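Shown next, in C-alpha cells, is the structure this report addresses.
Please treat every number below as a calculation from the coordinates, not as lab data. Quantities reported herein were computed from a predicted structural model and do not represent experimental measurements. When we count neighbours, we look across all protein chains shown, and the Cβ atoms used for this are built from the backbone with ideal geometry, even at glycine.
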Amino acid sequence: MSARVGIIYGSASDHDKMVKAAAILERFGVGFEIEAMSAHRSPDRVHEYATTAEERGVEVIIAGAGMAAHLAGVCAALTPLPVIGVPLSGGLAGGLDALLSVAQMPRGVPVATVAVDGATNAGVLAVQILAVGDPDLRKKLHEYKQQLAEGLRL
C-alpha cells in the first residue's frame, strides 16, 4: 500500500502521541509513512521531505511538534499539499505555545490545526480530505460517523 499520508513529528519522544494518527489511517486502509524530523535540528531533512512528498505520492502531510512548533508551517511553505498541524503538549505552556505557533500562519501558507495532542483528529481530517475524491473512502467515513453517533447513545 503506497503512502498517501505522511506523518512527521519533531522529536522521537513525540512518537507515542503521533501514532494515534497512524492508527486511524490503518483503520481506514490508508497507506502512510511516519518518521521523526525537526524543523530546527534537521531543517535540510524537512526540506527534502516536504519538497519530494508530492512526487512520492503523498497527498496530505500531518506534522506534529511542540513548543515553537514550526514543523507544520515549514512544510506548508514548501509544498502545495494540505498540511495538518498537531500542536503537542509539553514546554512551558502545556501546548498552548505550540497551538498558537501552528494556528497563526501568515497569509497564503495555511495549516489546518487540530487540538493539542489531537493526532487522532488529524488522522480523521486527512481521511476526510482524501475522501473528497475517493468514493470508497467516503463510504467508510459515513460508516465511521454512524458508529460515532451510535456510541453517543450509550
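Assuming a ≥ b ≥ c are the square roots of the Cα gyration tensor eigenvalues, decide whether segment 98-154 counts as rounded (a/c under 1.5), prolate (otherwise, with a/b larger than b/c) or oblate. It would help to have the intermediate numbers written out before the result.
On the way: a/c = 3.86, a/b = 1.58, b/c = 2.44.
The shape class here is oblate.
For the chain, which longest stretch is free of loop sites, where a loop site is one of the GluC sites (Glu not before Pro) that DSSP puts outside H, G, I, E and B and that has at most 16 other Cβ atoms within 10 Å?
With a cap of 16 other Cβ atoms within 10 Å, the longest stretch comes to 56-154.
Please report the relative contact order for the chain, taking Cα pairs under 8 Å with a sequence separation of at least 6, and give it as a percent rounded to a whole number. Please report the intermediate quantities before stating the final value.
Details: 299 pairs, mean separation 35.0, N = 154.
With pairs under 8 Å counted, the relative contact order is 23 percent.
Would you mind calculating the gained length between MET1 and GLU48 on full extension (0.36 nm times residue separation, minus the Cα-Cα distance), in nm to one decimal?
14.7 nm
Which trypsin sites (Lys or Arg not before Pro) from segment 1-97 combine a DSSP loop assignment with at most 16 other Cβ atoms within 10 Å?
Here the sparse-neighbourhood loop sites are ARG41, ARG56.
Once fully extended, how much extra length lies between GLU143 and THR120, figured as 0.36 nm per residue of separation less the alpha-carbon to alpha-carbon distance? Mind dumping the intermediate values first?
Numbers: separation 23, 0.36 × 23 = 8.28 nm, distance 1.69 nm.
Taking 0.36 nm per residue and subtracting the Cα distance, the gain is 6.6 nm.
Among the trypsin sites (Lys or Arg not before Pro) within segment 76-151, which fall in a DSSP loop and have no more than 13 other Cβ atoms within 10 Å of their own Cβ?
ARG107
Can you list the aspartates and glutamates whose alpha carbon is less than 12 Å from that of LYS20, not counting same-chain residues fewer than 8 positions off?
Straight-distance partners of LYS20: ASP117.
Does the chain classify as rounded, prolate or oblate by the C-alpha gyration tensor (a ≥ b ≥ c root eigenvalues; a/c under 1.5 gives rounded; else a/b over b/c gives prolate, otherwise oblate)?
Oblate, since a/c reaches 1.5 and b/c is not below a/b.
How do TYR144, TYR9 rank when sorted from fewest to most other Cβ atoms within 10 Å of their own Cβ?
In order of increasing Cβ crowding within 10 Å: TYR144, TYR9.
Along the Cα-to-Cβ line of GLU55, 7 Å from the Cα, sits a label point; which residues in segment 1-45 have backbone N less than 16 Å from it?
So the set is 45.
Apply the a/c threshold of 1.5 to the C-alpha gyration tensor of segment 1-69 and tell me whether it is rounded, prolate or oblate.
oblate
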